[in-house]
Amino acid sequence: MTFSPGALGTLDAQKVDWTATFNNVLQATAAAPSRSFLSSADTKDDSDIYLFGSFLAGYSTKPLYTIDAKVNWVPEIKTTGNMFGVEATLSTNSDSSPPVDRSRIDPDSITAALALRHRIHQLSLDINPLEGQFSRKYPASDLITAGTIKWVSHPVYDHGQAVVFYPFIGYELGKNLNKPSILFKQPVNLSPYDNITRALFGAHAAFLLFKKSVTADSPYRLAIQADYTTRVLFTPEPFVTSGYSGSDHTSIVSVRANARHYVECGIAYNASDLFGIEAKYKFGSLPPLFEFVEHQVVIGITFKAKLPH
């Protein structure tokens, strides 16, 4: 749709509601963005603030909860086109005891970083000049510098739905800060775990369904997303799996340079602009200890929001 800007007078095209009518039959409307401090986000990848939580309580067992969280505050530096700020992520479970039947591996990855971002057409360059990766329960941490190049393709729209696909490549270079002699109540030898050299590649994909009544800052009702990341290690690092020592189910720690895969998929129904219900699937491992999770499925409440930039 094209029109003369003079027809708006003193109105701002981004601050008014629009209704388009074709041949007095077909009609589409779009409301102006709410301009509130927090606005809705399409998926976890698109969010500045993301919180997912589930909780399970039972007789004679500790509560079992799952938490995934993400915070990005990377505002644009005026007149430069660059963005600089901080970002942090958390993925963790609580410990549990019988009769909960589950793996003893508790996914446990916490990161915090300075972030520099620059967009060149459809390429997004993300540099974390300083990033810390931590474990919640054990003295395991590392300090790295990281960077990725992501191709942010234009969404493909068709009949009330949209598809996005963002592949990326990157690197992580740094230093291990801890070499505990005991992990998971077992003696370990982490002497080979020193320098960190990783190559990254992966992709984010999402399938989005529009609301019946679309607004400019909250168009989607249902989002199906998938994230895949592979870390190719050039130096040995810990890798934690579950297994048996005799008749006891326990955690097994090895130090090797195998590739570390991580897959996270989710189906989220947006009950409101900020809150929804999400079913999430995880497979793989995350730094620093790379505790392997095999086929974990949880259902919980999700909060997704964008901050003003």
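Here, each number is a calculation from the coordinates, and none is a lab measurement. As the structure is a computational prediction, the values presented were derived from the model and not from experiment. Glycine also receives a Cβ, built like all others from the backbone with ideal geometry; neighbour counts cover every protein chain displayed.
Where Lys and Arg each count +1 and Asp and Glu each count -1, what net charge lies around Ser285 among other residues with Cβ under 11 Å from its Cβ? Every neighbour counted, the sum reads -1.
Per-residue packing, averaged as other Cβ atoms within 10 Å, sorts the ranges 248-255, 15-22 into the order 248-255, 15-22, beginning with the highest.
Computed 3J(HN,Hα) for segment 252-265, one whole-Hz value per residue from the Karplus formula 6.51 cos²θ - 1.76 cosθ + 1.60 where θ = phi - 60°, is 10, 9, 10, 10, 8, 10, 6, 5, 10, 9, 8, 10, 9, 10, glycine and proline marked x. Relative contact order for the chain: 17 percent, from Cα pairs under 8 Å spaced at least 6 residues apart, divided by residue count. In segment 128-272, a dipole from Cβ-located charges (positive for Lys and Arg, negative for Asp and Glu) runs towards its positive end, and of Val164, Ala223, Ala271 it is Ala271 whose Cα lies farthest in that direction. A Förster distance of 35 Å, applied to the separation of the beta-carbon atoms of Tyr244 and Leu209, puts the FRET efficiency at 0.20. Compute the label zone of Val232 within segment 185-200: residues whose backbone N is under 12 Å from the point 7 Å along Cα-to-Cβ. The answer is 198-200, whose backbone nitrogens lie closer than 12 Å to the label point. Descending by average beta-carbon neighbour count within 10 Å, the peptides 266-273, 66-73 line up as 66-73, 266-273, the highest first.
Counting only Cβ charges, +1 for Lys and Arg and -1 for Asp and Glu, the dipole size of the chain around its Cα centre is about 120 debye.
If the cut-off is 26 Å between C-alpha atoms, which lysines fall inside it for Lys282, apart from same-chain ones fewer than 8 positions away? Cα-Cα hits under 26 Å: Lys44, Lys62, Lys70, Lys137, Lys150, Lys185, Lys304, Lys306.
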